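Q: First, the structure itself, so that you have it in front of you.
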Amino acid sequence: SDHLATVHRVIAAMAVKDYDAALPYFAADCEYTNLPMGTVTGPDGVKATLEPFFAPVIENDLVILRTAVEGDTVFTERLDRHRIETGWVELPVTGVFVFREGKIAVWREYFDMATLLRQWPELAANLS
């Protein structure tokens, strides 16, 4: 589906921190939620959330393991791998993308924060 192809493009752009390539796929009023952390609105909110998170990351490998499409919704099961100074951090993630008029209107990410922080103590220190 076109929606699935868009999700693949967005994930690929985010992996290389190319926000300019990814953000045009989002609706102006999109909602982006990292379930353990909260919700932001709009492409600028997406960038403001991801840019500082990815800043210390040397390399991202965002592996899409499985997908499902139902109507305007795309589900992804991923293994998000982030290489930081001390090595690779691996985080299982489920992403849900809801489209409206060809743009991503809702993006929700479900993951276990403890799994992330256990592997990335510097991030844990910054959040406390």
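The values are calculated or read from the model by the stated rules, or taken from the named source; none is laboratory data. Here the structure is a predicted model, which means the values were calculated and not measured. Note that each Cβ is placed from the backbone with ideal geometry, even for glycine, and that neighbours are counted across all protein chains shown. Each accessible area value is taken on the protein alone, full model and side chains, heavy atoms only, with ligands, DNA and RNA left out. Shrake-Rupley method; radii C 1.70, N 1.55, O 1.52, S 1.80 Å.
Q: For Phe97, are the conditions met, namely being of a type outside the set (Asp, Glu), touching a residue at least 40 places away in the same chain (Cβ under 8 Å) and open to solvent by less than 30 Å² (accessible area, probe 1.4 Å)?
A: yes
Residues are listed down the side, and each one gets a yes or a no for (1) farther than 25 Å from Asn126 by Cβ; (2) touching a helix residue (DSSP H, G or I) at 6+ places or on another chain (Cβ under 6 Å):
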position: Val46; (1), (2): no, no
position: Leu65; (1), (2): yes, no
position: Val69; (1), (2): yes, yes
position: Ile84; (1), (2): no, no
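Q: Would you say Glu59 is in contact with a Lys or Arg (Cβ under 9 Å, 6 or more places away or on another chain), charged (D, E, K, R), at pLDDT 95 or above and open to solvent by 20 Å² or more (accessible area, probe 1.4 Å)? Reasoning before the result, please.
A: Working: in contact with a Lys or Arg (Cβ under 9 Å, 6 or more places away or on another chain): yes; charged (D, E, K, R): yes; at pLDDT 95 or above: yes; open to solvent by 20 Å² or more (accessible area, probe 1.4 Å): yes.
For Glu59, the condition - in contact with a Lys or Arg (Cβ under 9 Å, 6 or more places away or on another chain), charged (D, E, K, R), at pLDDT 95 or above and open to solvent by 20 Å² or more (accessible area, probe 1.4 Å) - is met.
Q: Which pairs have Cβ atoms under 9 Å, sit 6 or more apart or on different chains, and link a residue in the range 16-27 that is on the phi > 0 side of the Ramachandran plot and part of a loop (DSSP other than H, G, I, E, B) to one that is modelled with pLDDT under 95 and loosely packed, with under 13 Cβ neighbours inside 10 Å?
A: From the range 16-27, the pairs are Lys17/Glu51; Lys17/Ala55.
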